[in-house]
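The values are calculated or read from the model by the stated rules, or taken from the named source; none is laboratory data. Nothing here was measured: the structure is a model prediction, and the numbers come from that model. Glycine gets a Cβ as well: all are built from the backbone with ideal geometry, and neighbour counts include every protein chain shown.
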Amino acid sequence: MRDIYFSKAYGKLYEKMENGKCVSFTLFHKLGSVHYLFIKRVIPIDLSGSGPYYDLITPYGYGGPIVEAEDASDKKELCQLFFREFRKYCQTENIVSEFIRFHPILKNASDFEEWYAIDFMRNTIQTRLHDTEDPLMTEYTPSIRRYIRKALEQGVEYKVSIHPSNLDRFKELYFQTMDRNKADAFYYFTDDYFDQCLRLLGPQLLVVEVMWEGNVIAMSLNFISNGAIHVHLTGSLEQYHHLHAPIILQYALLCWGIENGVKLIHHGGGRTNDPDDKLYLYKKKYGRSQELEYYTGKKIWDLEVYNSLCMKVNVEDDCSFFPAYRKGPITKEESNAERDTGNC
């Protein structure tokens with residue numbers, strides 16, 4: 001399964017946000033292939049004329065190397081071959097460190113636990129639409145089903161469309177929601193970001209509108225790819241929350257997904273790793289049967305340079321941020337390493 005997160009178009013969407021260049025590295029071998037998409041970033045720290053040095057990060061969302069072996073028994077050997085060749089690439093390109101957000105659905109973290117420091121971050125939520133006769137009953141909680149019935153009885157309607165011509169109305173609702181939730185600055189995507197979404201990923205954009213008495217009261221922007229819907233961003237008007245508009249956004253995806261052969265809807269996780277995270281607990285109401293595990297991977301390719309960079313910016317020895325030198329006072333830019341893809 002080659003998901004949208006592994007496409008060059010998706011990676012290019014986050015070049016400006018990550019302040020780097022989208023690069024792909026692919027190993028082709030008789031045993032199969034390994035495809036890896038990442039953002040290559042210049043490290044903005046001067047080490048007395050040496051460098052420039054770079055680090056790697058997967059684009060916002062989920063990714064990492066994806067292994068396609070001709071035979072499952074050859075998978076480990078194929079991973080070893082990839083790691084050997086990728087290490088050469090990192091040495092040649094002055095790569096200091098690497099941060100990977102592995103894909104919870106494809107579970108590719110397990111393929112590379114021998115070569116990367118793998119950390120479990122949190123569970124993410126999926127609504128399973130296959131292998132179940134009635135996902136509404138098996139996946140949704142009774143309270144959510146009750147709110148859906150109430151909303152529909154009050155005349156709430158919804159519309160699902162692919163490849164929208166513009167995202168103007170969605171942006172209005174989204175930014176109002178971000179203001180209301182006092183969201184982190186990172187989540188205030190720019191007009192250029194939404195323009196790039198349309199240009200690069202148009203046919204894979206799935207938009208839901210929720211209407212009441214002729215007014216659009218909530219919208220969501222989602223990705224559709226290879227049998228999966230990825231919930232990306234949502235926006236709603238607070239004064240209509242008594243009509244349960246955010247719940248109808250999810251219900252619309254469920255109905256559309258069933259009608260169009262979608263296997264699952266992936267909602268992501270919470271804003272934090274806390275098992276009592278409110279966003280995580282809310283999303284669980286749409287996926288009761290099986291959660292997914294989200295892992296990250298870390299690798300220091302040049303320990304000497306890594307330590308020099310940390311010393312240059314006076315990073316504390318016990319700093320848990322990765323890469324630590326991007327937490328220093330000189331860079332003044334927060335790495336996206338610890339961010340999840342949970343939407344507000």
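Of note:
- Qualifying residue in region 194-201 (condition: under 22 Å from I4 (Cα atoms) and either hydroxyl-bearing (S, T, Y) or without any contact (Cβ under 8 Å) to a residue 24 or more places away in the chain (or both)): yes
- Residue in region 297-314 that is at pLDDT below 95, farther than 15 Å from Y54 by Cα and of a type in the set (D, E, K, R) present: yes
- Cβ-Cβ contacts under 7 Å between residues 6 or more apart (or on different chains), taken from a first residue in region 147-166 that is modelled with pLDDT of 95 or more to a second residue that is assigned to a helix (DSSP H, G or I) and hydroxyl-bearing (S, T, Y), are listed as I148/Y251.
- Flag if K182 is under 25 Å from K16 (Cα atoms), basic (K, R) and in contact with a helix residue (DSSP H, G or I) (Cβ under 7 Å, 6 or more places away or on another chain): no
- Residues of region 64-101 satisfying the condition of being within 21 Å of C22 (Cβ to Cβ), of a type in the set (S, T, Y) and surrounded by fewer than 18 Cβ atoms within 10 Å (Cβ to Cβ): Y89, T92
- Given (1) touching a residue at least 12 places away in the same chain (Cβ under 8 Å); (2) more than 30 Å from V313 (Cβ to Cβ), index of the condition S73 fails: (1)
- In this structure, G261 does not qualify as surrounded by 19 or more Cβ atoms within 10 Å (Cβ to Cβ) and out of contact with any Leu (no Cβ under 6 Å at 6 or more places or on another chain).
- All positions within region 15-50 that are within 18 Å of I100 (Cα to Cα), at pLDDT below 95 and not in a helix (DSSP H, G or I): N19
- The criterion of being at pLDDT below 95 and either assigned by TED's automatic domain parsing to the domain that holds C255 or buried (at least 17 other Cβ atoms within 10 Å of the Cβ) (or both) holds for Y60.
- Residue within region 109-127 that is surrounded by fewer than 17 Cβ atoms within 10 Å (Cβ to Cβ), of a type outside the set (D, E), without any contact (Cβ under 8 Å) to a residue 12 or more places away in the chain and not in a loop (DSSP other than H, G, I, E, B) present: yes
- Test: residue in region 135-142 that is assigned to a helix (DSSP H, G or I), over 20 Å from the mean Cα position of the chain (by Cα), aromatic (F, W, Y) and over 30 Å from N19 (Cβ atoms): no
- Exactly one residue out of L221, L279 is crowded, with 17+ Cβ neighbours inside 10 Å, at pLDDT below 95 and not assigned by TED's automatic domain parsing to the domain that holds Y10: that is L279.
- Boolean, Y240 is hydroxyl-bearing (S, T, Y), part of a loop (DSSP other than H, G, I, E, B) and in contact with a Phe, Trp or Tyr (Cβ under 7 Å, 6 or more places away or on another chain): no
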